[in-house]
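Student: Quick one: structure below, then a few questions.
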Amino acid sequence: MAYEPGVPTLAGVSEERRLTTGQSPPPPPLRAPLAIRVEEVRKSFARYPALNDVSLDVRPGELLALLGPSGSGKTTLLRLIAGLDFPEAGAIRFDGVDVTFAAAAQRGVGFVFQQYALFRHMTVAQNISFGLDVRKRLLRPTPAVRKARVEELLKLVELDGLGGRRPAQLSGGQRQRVALARALAVEPRVLLLDEPFGALDATVRKSLRRELRRIHAATGVTTLFVTHDQDEALELADRVAVLNKGRIEQVGTPSEVYVAPASAFVAGFVGEANRFEGAVADGLFRSGSIRLPAAGIEGRAVAFVRPHTVRLAPEPGAAGSLAATLGRQVANGPLTRCEARLADGRDVEFVLSHATAEGLPPAGNAIWLTFDHGHVFAVP
């Protein structure tokens, strides 16, 4: 880990104990970023298959998001990696070492829950120091070292000066920062976060996303976080693993899963898209008047067209354009989101810059749209 200079480490604590007690220090904790491998893991609850032969490689020091809808298996996978539950088949390895059935305390994992799980009767500083305070005597840092560690972490999560407060005296965002600092206090080999911002309002969530990214850069610890919020995953993660019905549909960078979705589920779940059902013949997808290139597919298919790829035709009735009736327009940041209805009754969403949208006629008037790109998948 690459904590800022001046942070007391457990290796330093062990050396201090050796000098003051004459005892040999225990081996220092593993500090290099940790690689995680999940190999064909299966887990069921009653007759419900939560994970079906899931395999995943987490690179050392990366921040990886487990993204998916409720019931997709993402929290189950996180709990198996943490040692809070165990698989029925498969293996989990930390830097090549099999930890499939190792206890959570043996894995060196820091866990941050959605609901903070702070001790209400303790101060902020006591909450952060808790994991160090309860260590066995030979592994426990001295009070001075623990205090310095807490102060350093309070600065890291930008709560310096608040160590004497109780959790009830903090905002939701501040309590979540305390939970993060507490998880980092024990210098975990892996940091796991389960919907860490789910209980917070939108403004606080956006602020904490930036903070988590900054803290991850400062610590370098291998981090996995569970979320069903695609914006959160795409903004925060180095890579995203998209889960659906107990399986991983795709693992890739945020750009890869958005620009080149590997399945119809990923195309529909990650980012917004207009969905059209149709068929492919001779390399061309047809759905009503819509035509899209579709190499390597034949028969029934579904196409997903991102709103930003739907364009206004250069002139009414231009070749390849489709007539539509303009509907509602909503300003959204630097863009205007527009709705339209095609002549065959299907609704379409598209986005324009404010300047372009100002040239649109009022709702109810005719416009012409072009569809030149989409993600097409065969329907089983």
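Student: Mark the label point 7 Å from the Cα of R341 along Cα→Cβ and return the residues of region 312-329 whose backbone N is within less than 17 Å of it.
Tutor: 323-329
Student: Give the peptides 131-141, 58-68 in descending order of average Cβ contacts within 10 Å, highest first.
Tutor: 58-68, 131-141
Student: What is the count of Lys pairs in the chain whose alpha carbons sit under 21 Å apart, if the two are 8 or more places apart or on different chains? Intermediate results must be reported in sequence, preceding the final value.
Tutor: On the way: K43/K74; K43/K245; K74/K245; K136/K147; K147/K155; K155/K206.
Going through the chain pair by pair, I get 6.
Student: Follow-up. Could you compute the FRET efficiency for A218 and E88, with r as their C-beta to C-beta distance and R0 at 51 Å, rounded to 0.05? All intermediate terms of the calculation are to be shown ahead of the outcome.
Tutor: Details: r = 38 Å, r/R0 = 0.74.
The computed FRET efficiency comes out at 0.85.
Student: Between V204 and A378, take the C-beta separation as r, use R0 = 51 Å, and let me know the FRET efficiency to the nearest 0.05.
Tutor: 0.75
Student: What per residue convex hull volume, in Å³, comes out for region 62-215 when only alpha-carbon positions are used?
Tutor: Values: hull volume 20.4 nm³, N = 154.
Looking at region 62-215, the number lands at 132 Å³ per residue.
Student: Also: Peptides 291-297, 272-278, 356-362: what's the order by average Cβ count within 10 Å, highest mean first?
Tutor: 272-278, 291-297, 356-362
Student: Which residues among region 47-76 fall inside the zone where the amide N is under 12 Å from a point 7 Å beyond the Cα of N332, along Cα→Cβ?
Tutor: none
Student: Additional query: So between E256 and T370, what do we pick up on full extension, going 0.36 nm a residue minus the alpha carbon distance?
Tutor: That pair, E256 and T370, stretches by 38.6 nm at full extension.
Student: Ranking request for peptides 332-341, 305-314: highest mean number of other beta-carbon atoms within 10 Å first, then the rest in descending order. Each step should come with its number before you reach the end.
Tutor: Values: 332-341: 15.7, 305-314: 17.6.
The densest-packed peptide leads the list: 305-314, 332-341.
Student: Which FRET efficiency, nearest 0.05, do A355 and D57 yield, Cβ-Cβ r, R0 51 Å?
Tutor: 0.70
Student: For Kirkwood radius over Cα pairs in Å, which listed value, (i) 23.7; (ii) 21.3; (iii) 20.5, comes from the coordinates shown?
Tutor: Recomputing Kirkwood radius over Cα pairs in Å here gives the entry labelled (i).
Student: Per-residue HN-Hα couplings for region 343-359, Karplus 6.51 cos²θ - 1.76 cosθ + 1.60 at θ = phi - 60°, whole Hz, x for Gly and Pro?
Tutor: Result, ordered by residue: 4, 8, x, 7, 8, 9, 10, 8, 10, 9, 5, 4, 5, 5, 5, 5, x Hz.
Student: Can you tell me the length gained on complete extension of the stretch S70 to A46, counting 0.36 nm per residue apart and subtracting the Cα distance? Don't skip to the end; give the middle numbers.
Tutor: Numbers: separation 24, 0.36 × 24 = 8.64 nm, distance 1.76 nm.
Going from the current span to full extension adds 6.9 nm.
Student: If you average the alpha carbon positions of region 61-90 and of region 115-150, how far apart do those two centres end up, in angstrom?
Tutor: Computed from Cα coordinates, the inter-centre distance equals 27 Å.
Student: When the Karplus curve 6.51 cos²θ - 1.76 cosθ + 1.60 is applied with θ = phi - 60°, which whole-Hz ³J(HN,Hα) does each residue of region 265-274 get, with x for Gly and Pro?
Tutor: 4, 4, 4, x, 8, 8, x, 8, 7, 7
Student: Hey, can you find the accessible area per residue of the chain for me, probe 1.4 Å, expressed in square angstrom?
Tutor: Counting only protein heavy atoms, the per-residue value for the chain is 48 Å².
Student: Compute the length gained on full extension between R140 and H121: take 0.36 nm times their separation in residues and subtract their Cα-Cα distance, giving the result in nm to one decimal.
Tutor: Working it through step by step, the gained length comes to 4.6 nm.
Student: Counting only protein heavy atoms and using a 1.4 Å probe, what share of the accessible area of the chain belongs to carbon plus sulfur, as a whole percent?
Tutor: Looking at the chain in its full context, I get 53 percent from C and S.
Student: Same structure again: Take the Cα gyration tensor of region 148-191, multiply each eigenvalue by 5, square-root it, and list the three semi-axes largest first, rounded to whole angstrom.
Tutor: On the way: eigenvalues 63, 30, 12 Å².
Equivalent ellipsoid semi-axes, largest first: 18, 12, 8 Å.
Student: Let me ask something else about it. Among T76, P141, G252, whose Cα projects farthest towards the positive end of the dipole of the chain, with charges put on the beta-carbon of Lys, Arg (+1) and Asp, Glu (-1)?
Tutor: Going by the Cα projections, it comes out as P141.
Student: Which distance in nm do the two modelled labels at V97 and D133 give, with both placed 7 Å along the Cα-to-Cβ direction?
Tutor: Going by the 7 Å Cα→Cβ label model, 2.8 nm.
The values are calculated or read from the model by the stated rules, or taken from the named source; none is laboratory data. The structure presented is a predicted model; accordingly, all values stated were derived computationally and were not measured. Because the Cβ atoms are built from the backbone with ideal geometry, glycine has one as well, and the counts that use them run over all protein chains shown. SASA here: full protein model, heavy atoms, side chains in, ligands and nucleic acids out. Shrake-Rupley method; radii C 1.70, N 1.55, O 1.52, S 1.80 Å.
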